[in-house]
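Structure, as structure tokens:
The values are calculated or read from the model by the stated rules, or taken from the named source; none is laboratory data. Small disclaimer: the values here were computed from a predicted structure and weren't measured. Cβ atoms come from the backbone with ideal geometry, glycine included; neighbour counts cover every protein chain shown.
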Amino acid sequence: MFYARGANTHIIFKESEKKMAKMKALVFKRVGCIELEEIPIPEVREHDDVIVKVAACGICGSDVKIMEGKHAYREGVVLGHEFCGTVVEVGKSVTAVKPGDRVAVDNNPRCGVCDFCRMGLSSQCEIIKEKTLGIFQNGGYAEYCRAPESVCFKLPDVLDNMVATQVETLGTVLNGMNTVQMQPWDAVLILGFGPIGYLFTGMAKNIAAQVAVSEIDPFRRGVARQLGVPVYDPDQTDLVQMAKERTRGNGFDIVIDAVGTQLENALKYVAPGGKVLAFGMDSSVKATITPYEITRRAVRILGTYIGQNTMLPAIKILQEKKIDMGPFFTETIPLEQGGSAFAKLGLDLPTLSHVPKQAMKITLKP
């Protein structure tokens, strides 16, 4: 290893890595197609750039939706936004992290000066649609990634790399939790028990009086049972009747759509005066609702997007093991095998057809 300090950067690289100048990366080519390629190792370009050697990267449900064309994307980009790693190089003005630091990365840089940022709604920052790592800029399905200093958060030693991949993911969930303002007396129903549903369930178990989950996939219903929560198959259970039975006939105080397809159904299960959180994303779905029912029953429909000042809280929660992350991780596989993981997550890439899931969270290791 060598360490050098020049006019523009602080660097810590193996000599062989610098000479190699190429790295392996999974590149999104088009809907249904992701390919392993060798591309240049990213270099510091701006004064606030940080080069991260990726330790692990989770495959997100939004990555699956990108692969089937149901989420915003940019062709030719390295996917992956749930990642952590070690800083190996920094721009000349970087002070928050240094080479050798382990970091988690918030994949959504914000400008800090647009109206949304200055009004406390940074999730709507105008540059996100251009700068998001792993969607519009190269992300963590690679050996290295370039990120601005502002999105790099130091990790405590007690937090292992696997769990640290989920700092950003939990941060998005915490933004939702801040919005719904869950109370200890609430009855909560979470629609969908993928990774997002899992994290919402883990948080709700720490707060709410009762928590229930619906999930169509048998593998993921099994994981929900490991967390000790009631889980219902919506194809086999009348969820409207279940909601009445569990809540003295009122419905759930909070219903969270963790899938992005369940808004209409969520309104059937929520109590008068209750809250529906539209969290999951699926750009192919349309919903038909009756405004009169929302007004008459005083139901609040809330939406949140990504995290918002929630990376540090997420690190603290994971560090203190407030959520049982044991059943969350199904498998870790080499980066080279990343394309094969999508079938285990429910999407057959050659046909773009949905298949039974065999995993909750799969992480890639470069």
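Listing for the model above:
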item: Every residue from segment 338-366 that is in contact (Cβ under 8 Å) with a residue 24 or more places away in the chain and in a helix (DSSP H, G or I); result: GLY338, GLY339, ALA341, PHE342
item: Members of segment 102-122 found to be in contact with a Ser or Thr (Cβ under 7 Å, 6 or more places away or on another chain) and either without any contact (Cβ under 8 Å) to a residue 24 or more places away in the chain or surrounded by fewer than 19 Cβ atoms within 10 Å (Cβ to Cβ) (or both), listed by number; result: PHE116
item: Unmet criterion (only one of (1) over 24 Å from LEU318 (Cα atoms); (2) out of contact with any strand residue (DSSP E or B) (no Cβ under 7 Å at 6 or more places or on another chain)) for LEU174; result: (1)
item: Whichever residue in segment 51-74 is more than 17 Å from the chain's Cα centre (by Cα) and basic (Lys, Arg) and, among such residues, is modelled with the lowest pLDDT; result: ARG74
item: Selected residue (criterion: surrounded by the most Cβ atoms within 10 Å (Cβ to Cβ)) from residues of segment 152-166 that are of a type outside the set (Lys, Arg) and free of Cβ contacts under 8 Å to residues at least 60 places away in the same chain; result: ASP160
item: Unmet requirement for LEU345, which otherwise passes all of (1) under 19 Å from GLY194 (Cα atoms); (2) surrounded by 13 or more Cβ atoms within 10 Å (Cβ to Cβ); (3) not assigned by TED's automatic domain parsing to the domain that holds TYR73; result: (3)
item: Residue check, LEU352 closer than 25 Å to ILE66 by Cα, surrounded by fewer than 21 Cβ atoms within 10 Å (Cβ to Cβ) and of a type outside the set (Phe, Trp, Tyr); result: yes
item: Yes/no for GLY192 being surrounded by 24 or more Cβ atoms within 10 Å (Cβ to Cβ), among the small types (Gly, Ala, Ser) and at pLDDT 95 or above; result: yes
item: Hey, VAL44 surrounded by 21 or more Cβ atoms within 10 Å (Cβ to Cβ) and among the hydrophobic types (A, V, I, L, M, F, W, C) or not; result: no
item: Of all residues in segment 75-86 being in contact with a helix residue (DSSP H, G or I) (Cβ under 9 Å, 6 or more places away or on another chain) and part of a loop (DSSP other than H, G, I, E, B), the one that is nearest to ALA147 (Cα to Cα); result: HIS81
item: Cβ-Cβ under 7 Å pairs, at least 6 apart or on other chains, segment 297-310 side under 17 Å from GLY171 (Cα atoms), far side of a type outside the set (D, E, K, R) and part of a loop (DSSP other than H, G, I, E, B); result: THR304/PHE279; ILE306/ASN108
item: Check on GLY260, under 21 Å from the mean Cα position of the chain (by Cα), surrounded by 14 or more Cβ atoms within 10 Å (Cβ to Cβ) and on the phi > 0 side of the Ramachandran plot; result: yes
item: Residues located in segment 273-291, provided they are touching a residue at least 60 places away in the same chain (Cβ under 8 Å), touching a strand residue (DSSP E or B) at 6+ places or on another chain (Cβ under 9 Å) and of a type in the set (A, V, I, L, M); result: LEU277
item: Matching residues in segment 46-68 - criterion: being assigned to a loop (DSSP other than H, G, I, E, B), in contact (Cβ under 8 Å) with a residue 60 or more places away in the chain and either touching a Ser or Thr at 6+ places or on another chain (Cβ under 6 Å) or under 17 Å from THR132 (Cα atoms) (or both); result: GLU46, ASP48, ILE59, CYS60
item: Residues satisfying the stated conditions in segment 200-218, i.e. part of a helix (DSSP H, G or I) and surrounded by 17 or more Cβ atoms within 10 Å (Cβ to Cβ); result: PHE200, THR201, GLY202, MET203, ALA204, LYS205
